[in-house]
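Undergrad: Attaching a single structure in structure tokens format; questions to follow.
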């Protein structure tokens, strides 16, 4: 998904920076214009309302995330694809913590004008995870721990949501509370929990 440029880019960047610290409700169009260094007329020329501005911001951010996940997965299948997706998502969170914070605060809001847009884009991102989970599930031998083939039981979308949410929140925890850890350490910890490494071993 192509990024905007010029004045529109400055406005979107300013809106994201402000919303990440103040929240969308606490961010006004006047604040955005001032932070972006543009006249209010220019702001309203590009975005007729605050709702339109933040819908565009989230559409760009979540849409580009879905594109990045598809690219990271490439031709990988099963567990290798899940590893690549977890790593790619952590990289995106580290590269744009402000967007990650905004997504975490907005993803479950149902009272926003852009809720349908965000839901559709979130679904695109989750679908990449869901497909990898289905493949990993189908390939898992029956003796491979607590779950064997078919364990997803058609619930791959719910599982994808839990994985996506876990990586998003773990990534933010990492950046805020344990920034000294490497991305590989964080990815390994998340993947260990997803692989069932913490579950009691069957004897």
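The values are calculated or read from the model by the stated rules, or taken from the named source; none is laboratory data. This structure is a prediction, so every number in the text was calculated from the model and none was measured. Every residue, glycine among them, receives a Cβ derived from its backbone with ideal geometry; neighbour counts consider all protein chains shown.
Undergrad: With respect to the numbered conditions (1) over 30 Å from residue 138 (Cα atoms); (2) within 24 Å of the chain's Cα centre (by Cα); (3) not in a helix (DSSP H, G or I), which one is the sole condition not fulfilled by residue 38?
TA: It fails just one condition, (2).
Undergrad: Which residues, counting only those in the stretch 154-180, are farther than 20 Å from residue 66 by Cβ, surrounded by 13 or more Cβ atoms within 10 Å (Cβ to Cβ) and free of Cβ contacts under 8 Å to residues at least 24 places away in the same chain? Explain how you work it out, then say what you get.
TA: We begin by selecting, within the stretch 154-180, every residue farther than 20 Å from residue 66 by Cβ; these are 154-155, 173-180.
Of the ones still in play, those that are also surrounded by 13 or more Cβ atoms within 10 Å (Cβ to Cβ) are 155, 174-175.
Residue satisfying the conditions is 155 alone.
Yes or no, residue by residue, for (1) more than 19 Å from the chain's Cα centre (by Cα); (2) modelled with pLDDT of 85 or more:
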| site | (1), (2) |
| --- | --- |
| 94 | no, yes |
| 101 | no, yes |
| 112 | no, no |
| 130 | no, yes |
| 144 | yes, no |
| 151 | yes, no |
| 158 | no, yes |
| 164 | no, yes |
| 174 | no, yes |
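Undergrad: What's the total number of residues in the stretch 63-116 that are buried (at least 20 other Cβ atoms within 10 Å of the Cβ) and in a loop (DSSP other than H, G, I, E, B)?
TA: Residues that pass the stated criteria total 1.
Undergrad: Just give me the residues in the stretch 1-41 being at pLDDT 95 or above and at positive phi, in sequence order.
TA: 37
Undergrad: Also: Just checking, does the stretch 115-123 include any residue being modelled with pLDDT of 85 or more and closer than 29 Å to residue 49 by Cβ?
TA: The answer is yes; a qualifying residue exists.
Undergrad: Counting just the residues of the stretch 1-35 that are outside any helix (DSSP H, G or I) and touching a residue at least 60 places away in the same chain (Cβ under 8 Å), which one comes out nearest to the chain's Cα centre (by Cα)?
TA: Ranking the candidates gives 1 first.
Undergrad: Tell me which residues, restricted to the stretch 181-194, are assigned to a helix (DSSP H, G or I) and either surrounded by fewer than 12 Cβ atoms within 10 Å (Cβ to Cβ) or free of Cβ contacts under 8 Å to residues at least 60 places away in the same chain (or both).
TA: 184, 185, 188, 189, 192, 193
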